[in-house]
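Read through the structure below, which is laid out as structure tokens, and then see the notes.
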Amino acid sequence: MLNKIFDTHAHYDDEAFDTDRDILIRSLKESGIINVVNVGASIESCKKTIEVVRQYDFFYGALGVHPSDTAPLTEEDMKWLHDELLNDKMVAVGEIGLDYYWDEPSRDIQKKWFVRQLELAREVNKPVIIHSRDAAADTLDIMKAEKCHEIGGVIHCFSYSKEMAREYLDMGFYIGIGGVVTFNNAKKVKEVAEYVPLESIVLETDCPYLAPVPNRGKRNSSINLPYVVDEISRIKGIEPDEVINQTYNNALRLYRI
Ligand code: NI
């Protein structure tokens, strides 16, 4: 049986795909990758996301600005994002959030635009894709204050504890799991994959980044997702087909497709 896999988080606009983007994307269905959400991370990559989504009928898009790219943002950008998000093929606001691994932009700037983009999601009535790195407490505080259980969405590339996963599950959020779960040293992510019910997990690559074992360190693409499926099925003691089917349905529910 051919797989039916949904990659809920990819960056095919990235320059890492400049040499073979079209050939690669056209080959995805042969590998059982039947839907992809291309995720914006800056205004520039949102523009490219719009192009990619226009070009491939099985692609959807998410538009939003990653915390590391928030410094130059203006209200005009919010207006532009708002208008583009009204397109039916744009299924989420993201990726947005907080990233304290880097010192710039300042935490105040990151928080300001995180809150503003949560408001944007409310305005257009779409779920959010959250990026949160080394910022667990502030992310949770803001999401509770902004009543994110009313907005819904996914915590992408989840890297925190299972106690923290519980908080997001209680908010009705999905947990995005990708290549990191296959890494030998990713004990915490494996624990989270075991703990979180399959009904709340979605598959993601974050490609070109975070390729799973045995391709760790190479350019990632959706074609590698079966390695993630196999690891989740091993951890949970269930068949790979069950992981594929359930996460596919989860993705449709998450993005309201
Ligand atoms: Ni990403």
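The values are calculated or read from the model by the stated rules, or taken from the named source; none is laboratory data. Note that the structure is predicted; figures quoted are calculated from it, not measured. Cβ sites come from the backbone with ideal geometry, for glycine too, and all protein chains shown count toward neighbours. Ligands, DNA and RNA are stripped out before the accessible areas are found, and what is left, the full protein with its side chains, is counted by its heavy atoms. Shrake-Rupley method; radii C 1.70, N 1.55, O 1.52, S 1.80 Å.
For the reader, a short list of remarks on this structure follows.
- Label sites at Glu51 and Ile109, each approximated as a point 7 angstrom past Cα along Cα to Cβ, lie 2.6 nm apart.
- Of the residues Trp80, Trp102, Trp113, ranked by 1.4 Å probe accessible area with the largest first, the sequence reads Trp102, Trp80, Trp113.
- Kyte-Doolittle mean at least -1.0, axial Cα span of 20 Å or more - DSSP H helices of the chain: 107-124, 240-254
- Nearest-0.05 FRET efficiency for Lys79 and Leu24, computed from C-beta distance (R0 35 Å): 0.55
- Taking amide H positions as modeled 1.01 Å from N, with prolines and chain starts lacking one, the residues under 5 Å from Val128 and 5 or more places away or on another chain are Val93, Gly153, Val154.
- Gain in span if fully extended, Leu86 to Lys218, counting 0.36 nm per residue against the direct Cα distance: 44.0 nm
- Contact order relative to length of segment 81-189, as percent, for alpha carbon pairs under 8 angstrom and 6 or more apart: 23 percent
- Set of segment 243-257 residues, backbone N closer than 18 Å to the point 7 Å along the Cα-Cβ line of Lys162: none
- Within the accessible area of the chain (1.4 Å probe), percent carbon and sulfur: 48 percent
- Only lysines eight or more places from Lys144 in sequence, or on another chain, were considered; those with a Cα closer than 27 Å are Lys79, Lys111, Lys112, Lys126, Lys162, Lys188, Lys190.
- As a length-normalised measure over Cα pairs under 8 Å and 6 or more apart, the relative contact order of the chain settles at 19 percent.
- Relative contact order of segment 1-145, pairs being alpha-carbon contacts under 8 Å that are 6 or more residues apart, as %: 20 percent
- Between Met171, Gln55, Val196, the Cα set farthest toward the positive side of the dipole of the chain (charges on each charged residue's Cβ, about the Cα centre) is that of Val196.
- Counting only residues at least eight positions apart within a chain, or on another chain, the lysines with an alpha carbon under 22 Å from that of Lys29 are Lys4, Lys48, Lys89, Lys218.
- Each label was represented as a point 7 Å from its Cα along the Cα-to-Cβ direction; for Phe58 and Glu199 these points are 2.9 nm apart.
- Working ranking of peptides 12-25, 215-228 by packing, defined as the average number of other Cβ atoms within 10 Å per residue, highest first, is 215-228, 12-25.
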